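Single-structure report; data block below.
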Amino acid sequence: MEEDKSGILKERLFGFFREDKVKKIVIALGIAGIALIFISNFFAGKSGGDSAQGSTSSAVSGDLSEYKRSIESSLRDIISKIDGAGRTEIFLTLDNGSENVYALNRSEDKNGGEDRSEESARSEYFSLRSSDGGEAGMLLKVVEPEVRGVVVVCEGGGDAVTKERVLEAVTKSLNISSARVCITKLSQQTEE
């Protein structure tokens, strides 16, 4: 009797799915479910903890061009005040981008096996939980990129004394070698 009930149930269930309308509804619901999963993953990525760290990174890398412009502007201002330098243009190149340094928790575990001299080190990042439940790594510092080279074009770039003063100002302010600095005279054609 039990087998008859399960046989009848199977027959009714398969009969139910044989109808075209039901198949279409089931397929539509399946596609809608998959779409909802993708959409929820997309929005979860935007508000989750990883995105907090990612947004910090992108904000820092977005500020890289601002960092470069800031250095160029500061150099232009200071060099144009050097006696004999006159109007000044600066071009600066940087190595790579900014580097984020996150806090690490390092622990050393002694192995309890036969060879007790074995030690293993384990590291994991500290994370901070925000009020909305997201997590992000604990950012200790941002290491700005190193200056690869500087080109200074100024009106007094042809004079040896002015050139030496400008070179010293650039090398000391950026803590770079003189081999990374090029100083030349501003062309008469570019003047207004």
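Pairs are defined by a Cβ separation below 6 Å, a sequence spacing of at least 6 or placement on different chains, a first member in region 155-171 that is of a type in the set (S, T, N, Q), and a second member that is crowded, with 16+ Cβ neighbours inside 10 Å; the pairs so defined are T162/A85; T162/G156. Scanning region 146-192 for residues that are surrounded by 15 or more Cβ atoms within 10 Å (Cβ to Cβ) and part of a loop (DSSP other than H, G, I, E, B) turns up E155, G156, G157, D159, I176, L186.
Taking region 1-100 as the region of interest, the helices (runs of 4 or more DSSP H) fully inside it that hold 2 or more residues being at pLDDT 80 or above and under 30 Å from V152 (Cβ atoms) are 49-80.
The values are calculated or read from the model by the stated rules, or taken from the named source; none is laboratory data. These numbers come from a predicted model, not from an experiment. A quick note on method: Cβ atoms are made from the backbone with ideal geometry, for glycine too, and the neighbour counts reach across all protein chains shown.
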